[in-house]
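S.K.: Here it is, the structure in full.
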Amino acid sequence: MVEPSLIRAAREGDREALITLLREIETHVYRTAYYLVGNEQDAMDAAQEALIRIYTKIGSYEEKAQFKTWVQRIVTNICIDKFRRNKPTVSIEEHEMVFEGRDSVEGEVMAAYAAKDIREAIDRLPEHHRAVVVLRYLQDFSYNEIADSLDLPLNTVKSYLFRARQQLQVLLRDYQKGGVRG
Amino acid sequence: MNCQEVMEYMQRELDGDLTEFESAKAREHIRQCAECAAMFERLKRLSAELESLPKVTPPISLVDAILPKLDEIDRVKAAASADAGAAELAGSAGSPARTAPRRRNNRFSLRILSGVVAAGVVAGIFFATYDPDRLSDSFSGDRAAKESASSGSSEPMLMMDAAADSTDAQDGSDVSMKESFHLTEVRDQSGQAMESSPGSAGRSGDSATDADAGSGEGDVRMAPPAVLQGVNVGIESPEDDVQMGVAGFTEEPAFGPVESVSPDGSYIAVFSESRVIIYDRDGNTRFESEERQGSIAAMGWSEDGAFFRYEIRREDGAGEIYRINPADGTETKE
């Protein structure tokens, strides 16, 4: 939690305060970037760009918004806009969840992940689903905070998070089936 | 309750979003439905795995890595501010910048302009990546002198014409006023290049960022970030500031006018003919200092525009700081 007085000083043009503020948030910014772009180098670039944008835009931050969601909005926007990768993502929408179907088409799609790490599975979620998961689990954000950060309606946030987890649990099920893990 | 409804309850349970009543209803279903029970186990386990994802940290300090860029941003702001200041001055008839009969005036103006152009070029390159919308008005160097004063920047600025060691000048880590001011150095060479070849702005831009431009005379253009704390609190030890720009002077300290517009645009301070003169918006003289023995080492406005401070570096190296209150036309030595 960043001190409100520090944020205020930074907004009012105190450069030292602003630099201190950036130091306090840089790990959070980097962490989100890392899980959104999927590798260290791009994460460094994206996080640095986000910090620079925060530096130049601090005057436009309004206190009615939470500072941490404002920061996460900036970094997720950069990651999604500029570091959009060409990697194929699984379109969740094409595979509506079939809760009881053990051998449905989603099973086949997800079988490709069987031997892969859970992180790679996150990596292949559609961008906004991935962003919701990252904010929920790496930033400990509430539904509302995620909605503020990503500029999405609350129900969309829940729907993305639930679908993402639904998709990811298939991975675990396949692990268990194939005896890859526990 | 059907399996699909329970699915949503299980999901919300993972986020601690269920009421006790909802939670009980879900548990009741799960007890009777093996499939949902298995699903809930997998979801809980997935959630636990997600929670234990490595809390990665940056391999190096990102803020340290971007500090040079942040300085660059401040310089760009300063250049925009300089643009506005120069334009305002040029726009007022009989302004000292145009009329003061100093032998180096023309050259100095050109060099100011080249500094603006150089900073503009650097800025353009830089902001092409980061924030293109900020820069449009400071980029075009050939418009710099014509630019209307409304181009927006009310930031205070501080310039000095001095031979400077750039490593000193750019090292902002001390507690002296160096820390509050951001320097852009334009080598004398680049100034000369501008005189003979206005098309060499790109080259000037390169040398403006050249860190090893240490020797020889240079123009140093200083501008503080949006808040000019340095002027209020930073000048604590004038002696320590000696290296800030005037060390290694090779010429008599004869300068063309340097000027600084107050943050709200009400006043412009001009150092010319060894005096500081404050003009108001209409070009009336609000204050004129005595003739100062030495060169001007630093100057700038307080954030609220109520005071203008400047530092005179005497030939013997001692510094003198003065504070002018343009509202009542007084000056005090600090």
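S.K.: Just to be sure before I move on: is B:A93 modelled with pLDDT under 90 and either in a loop (DSSP other than H, G, I, E, B) or more than 25 Å from the chain's Cα centre (by Cα) (or both) in the structure I sent?
M.R.: Working: modelled with pLDDT under 90: yes; either in a loop (DSSP other than H, G, I, E, B) or more than 25 Å from the chain's Cα centre (by Cα) (or both): yes.
Taking the combined requirement at face value, the residue satisfies it.
S.K.: Tell me, yes or no, whether the stretch B:17-32 has at least one residue that is facing chain A (nearest Cβ under 10 Å), of a type outside the set (S, T, N, Q) and under 30 Å from A:N39 (Cβ atoms).
M.R.: No, because not a single residue in the stretch B:17-32 is facing chain A (nearest Cβ under 10 Å), of a type outside the set (S, T, N, Q) and under 30 Å from A:N39 (Cβ atoms).
S.K.: Still on this structure, I have one more. Based on what the data block shows, is B:E41 of a type in the set (D, E), at the interface with chain A (Cβ under 7 Å from one of its Cβ atoms), part of a helix (DSSP H, G or I) and free of Cβ contacts under 8 Å to residues at least 12 places away in the same chain?
M.R.: In short, no.
S.K.: Shifting gears a bit: Restricting to the stretch A:128-167, name every residue that is more than 10 Å from chain B (Cβ to nearest Cβ), over 17 Å from A:R31 (Cα atoms), surrounded by fewer than 24 Cβ atoms within 10 Å (Cβ to Cβ) and of a type in the set (A, V, I, L, M).
M.R.: Once the filter is applied, which keeps residues that are more than 10 Å from chain B (Cβ to nearest Cβ), over 17 Å from A:R31 (Cα atoms), surrounded by fewer than 24 Cβ atoms within 10 Å (Cβ to Cβ) and of a type in the set (A, V, I, L, M), the stretch A:128-167 yields A:A147, A:L152, A:L154.
S.K.: If you take the residues in the stretch B:44-58 that are within 7 Å of another protein chain (Cβ to nearest Cβ) and part of a loop (DSSP other than H, G, I, E, B), which one is farthest from A:Y30 (Cα to Cα)?
M.R.: Of everything passing the filter in the stretch B:44-58, B:L53 is farthest from A:Y30 (Cα to Cα).
S.K.: Please tell me if A:I54 is modelled with pLDDT of 95 or more and within 10 Å of another protein chain (Cβ to nearest Cβ).
M.R.: The answer is no for A:I54.
S.K.: Sort out which residues of the stretch A:1-45 are touching a Phe, Trp or Tyr at 6+ places or on another chain (Cβ under 6 Å) and within 10 Å of chain B (Cβ to nearest Cβ), and write them in order of number.
M.R.: Within the stretch A:1-45, just A:A43 meets the criteria.
S.K.: Being away from chain B (no Cβ under 14 Å) and at pLDDT below 95 narrows it down to one residue among A:E96, A:E108, A:E100; which is it?
M.R.: Sole residue among the options that is away from chain B (no Cβ under 14 Å) and at pLDDT below 95: A:E108.
S.K.: Quickly run through the stretch B:1-47 and pick out the residues that are of a type in the set (G, A, S) and crowded, with 19+ Cβ neighbours inside 10 Å.
M.R.: B:A26, B:S47
S.K.: Checking the structure you have, find out if any residue of the stretch A:59-75 is touching a Cys at 6+ places or on another chain (Cβ under 9 Å) and at pLDDT below 95.
M.R.: no
S.K.: Also, I was wondering about something else. Among (1) more than 20 Å from B:A82 (Cα to Cα); (2) at pLDDT 80 or above; (3) of a type outside the set (G, A, S); (4) buried (at least 22 other Cβ atoms within 10 Å of the Cβ), which single condition is B:M299 missing?
M.R.: (1)
S.K.: Within the stretch B:64-72, can one find any residue that is in contact (Cβ under 8 Å) with a residue 24 or more places away in the chain, out of contact with any Ser or Thr (no Cβ under 7 Å at 6 or more places or on another chain) and of a type in the set (D, E)?
M.R.: In the first step, residues of the stretch B:64-72 are kept if they are in contact (Cβ under 8 Å) with a residue 24 or more places away in the chain; the result is B:69, B:71-72.
Still in the running and out of contact with any Ser or Thr (no Cβ under 7 Å at 6 or more places or on another chain): B:69, B:71-72.
Of the ones still in play, those that are also of a type in the set (D, E) are B:71-72.
There is at least one residue in the stretch B:64-72 that is in contact (Cβ under 8 Å) with a residue 24 or more places away in the chain, out of contact with any Ser or Thr (no Cβ under 7 Å at 6 or more places or on another chain) and of a type in the set (D, E).
S.K.: While we're looking at this one, here's another question. Which count do you get for residues in the stretch B:1-16 that are within 23 Å of A:A121 (Cα to Cα) and more than 11 Å from every other protein chain (Cβ to nearest Cβ)?
M.R.: So the count comes out to 1.
The values are calculated or read from the model by the stated rules, or taken from the named source; none is laboratory data. Source: prediction; values computed, not measured. Here Cβ is always computed from backbone atoms with ideal geometry, including for glycine, and neighbour counts include all displayed protein chains.
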